[in-house]
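*Asks:* Take this structure first; my questions come after.
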Amino acid sequence: MRVLNVPPALATHVTQELGKGLILILNKVDLVPPAVATAWTHLLRRRVPAARVVPFTSAPQRAPPAGLQRRHRRGGGGWSRALGPRQLLEACESIVGGEGECGGGHL
């Protein structure tokens, strides 16, 4: 079954045949009800278990959707309060082991 245009064969090719990490970004989660964003995130995690699923929005969140919690930082706004940038960086670092283009980046 294709979920959001993620063919299983592509996920298998990337993760198993090429031995690469796979990150699926569920973008603009601020435009749907929190329950919908949470449901899609859980569905993608079940259907493509080899992939890291990162819910993402650049819009500041007052309260993140249930199941999509993020770490709180004092102060700041914009990107520091957005849902996804930090999780995307962490997903990249988990794949490259803190080295390479993603490693050592700061948000």
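The values are calculated or read from the model by the stated rules, or taken from the named source; none is laboratory data. This one's a predicted model, so the numbers in the text were calculated from it and none came from an experiment. Backbone-built Cβ (ideal geometry, glycine too); neighbour counts: all protein chains shown.
*Asks:* Could you give every pair whose Cβ atoms fall below 6 Å, whose first residue belongs to the range 84-107 and is of a type in the set (V, I, T), and whose second residue is at pLDDT 80 or above, counting only separations of at least 6 or pairs across chains?
*Replies:* I95/G21
*Asks:* When the residues of the range 29-55 are filtered to those that are among the charged types (D, E, K, R) and crowded, with 18+ Cβ neighbours inside 10 Å, which remaining residue is modelled with the highest pLDDT?
*Replies:* Of everything passing the filter in the range 29-55, R52 is modelled with the highest pLDDT.
*Asks:* Inspect the range 10-19 for any residue being out of contact with any Pro (no Cβ under 6 Å at 6 or more places or on another chain), of a type in the set (A, V, I, L, M, F, W, C) and closer than 22 Å to L83 by Cα and give the result as yes or no.
*Replies:* Looking for residues that are out of contact with any Pro (no Cβ under 6 Å at 6 or more places or on another chain), of a type in the set (A, V, I, L, M, F, W, C) and closer than 22 Å to L83 by Cα, one finds none in the range 10-19, hence no.
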